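Heads up, the thing below is written out as structure tokens.
The values are calculated or read from the model by the stated rules, or taken from the named source; none is laboratory data. These numbers come from a predicted model, not from an experiment. Positions of Cβ are generated from backbone atoms using ideal geometry, with glycine treated the same way; all protein chains shown enter the neighbour counts. Remember, those area values only see protein heavy atoms, side chains included, never the ligands or the DNA or RNA. Shrake-Rupley method; radii C 1.70, N 1.55, O 1.52, S 1.80 Å.
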Amino acid sequence: MGKAMRLLTCLVPAMAAAQECITGDGQAAFDMYMPYHDVTVTVPGVPLTTSNYSYAADKAMVSIPAKCYNMYQAELGLSPNWNDRQPGGPTGMFYFRVSDPVKEYGVISQMAESGCACGLVILVHGTSGVRWQSASYGAMLSGMGYVVIAPDSHAMPASMGLKGVGDLKQTADIATTNYCGALDAYKSQCGSWELPFCYSTKAANVLHDHGKYREYVERNYMVRKLELDALVENYGTML
């Protein structure tokens, strides 16, 4: 995905007027050649119905502060499994994949009312999903007392044909003891260009046809925007 979440990208050449902004809602497919990988990708339009994107919140990764986990362990189950940088960092937090959204977002809502958390963070992961630094940020922030919800874009169902990882790890399957490891929430990966929006950013690809690449990036951002819209629409009143 890249590091910033935005709907529009305006590339403004130095000392020149701004180029026309590109939005990600175009529906016409186009072919884009990626010279670094020597592959031509057909980029489809992104479906714009928000309800199609509920999967990201319904299978999100969530980091819970120790104080909240101690209060709601009966509802969440298992044992503390999430520590920040060791030795010496915060311990006793809980990391889980959402499996019963109505119940678990209800518990998160109770945490807000109980005052056991400092606040709520919505974490938007990068290209590789909720792993490596995206996961470690969850440990860091929950160690500071925040509930962290990371909607999982890689939970997109195969039927959409855009991106996604078919084999998601459930809570008990995720190795959380090696803070410097992948903290991998997946049993497999969507390789570069295996699906249209499983990509790897390379300068040669960006520069080959920057007009098409701008359009491509905006469609990626549109997917993420719709995932966050679905989170707010479905669970916003509970957060």
If a paramagnetic tag sat 7 Å from the Cα of LYS187 along the Cα-Cβ line, which residues of segment 45-81 would have the backbone N under 16 Å from that point?
none
Report relative contact order for the chain in percent, whole number only (criteria: Cα-Cα under 8 Å, sequence separation at least 6).
28
Other-chain or far-sequence residues with amide H under 5 Å of VAL41's (modelled H)
MET32, TYR33, MET34
Report the full-extension gain for the segment ASN70 to MET144: residue separation times 0.36 nm, less the Cα-Cα distance, to one decimal in nm.
25.1 nm
Please report Rg (one decimal) and Dmax (integer) in Å for the Cα set of segment 38-151.
16.0, 55
Students often forget the sequence filter, so: which lysines lie under 29 Å Cα-Cα from LYS103 once same-chain residues fewer than 8 apart are removed?
LYS59, LYS67, LYS163, LYS169, LYS187, LYS225
Summarise the accessible area of segment 63-122 (1.4 Å probe, protein heavy atoms) by the percent that is carbon and sulfur.
51
Just name one of MET71, VAL107, LEU48: the one whose Cα is farthest towards the positive end of the charge dipole of the chain (beta-carbon charges, Lys/Arg +1, Asp/Glu -1).
MET71
For segment 157-233, what value does the Rg/Rh ratio take when both radii are computed over Cα atoms and Rh is the Kirkwood radius, given to two decimals?
1.04
Computed from these coordinates, which is P(r) over Cα pairs in 10 Å bins from 0, in percent: (i) 7, 30, 32, 20, 10, 1, 0; (ii) 8, 27, 25, 19, 13, 6, 2, 0; (iii) 8, 34, 41, 17, 1?
(i)
Virtual spin-label span in nm between ALA175 and SER114, 7 Å along Cα→Cβ:
3.2
Label point distance in nm, VAL206-ASP31, each placed 7 Å from Cα along Cα→Cβ
2.6
Can you run phi through the Karplus equation (6.51, -1.76, 1.60; θ = phi - 60°) for segment 115-132 and list ³J(HN,Hα) in whole Hz, with x for Gly and Pro?
x, 6, 10, 6, x, 10, 10, 9, 9, 9, 6, x, 4, 7, x, 7, 7, 6
Estimated 222 nm signal from helices in the chain, with DSSP H stretches of n ≥ 4 weighted -39500 (n - 2.57), rounded to 500:
-9500 deg cm²/dmol
Sequence ranges 38-51, 61-74, 224-237, ranked by mean other-Cβ count within 10 angstrom, highest first
61-74, 224-237, 38-51
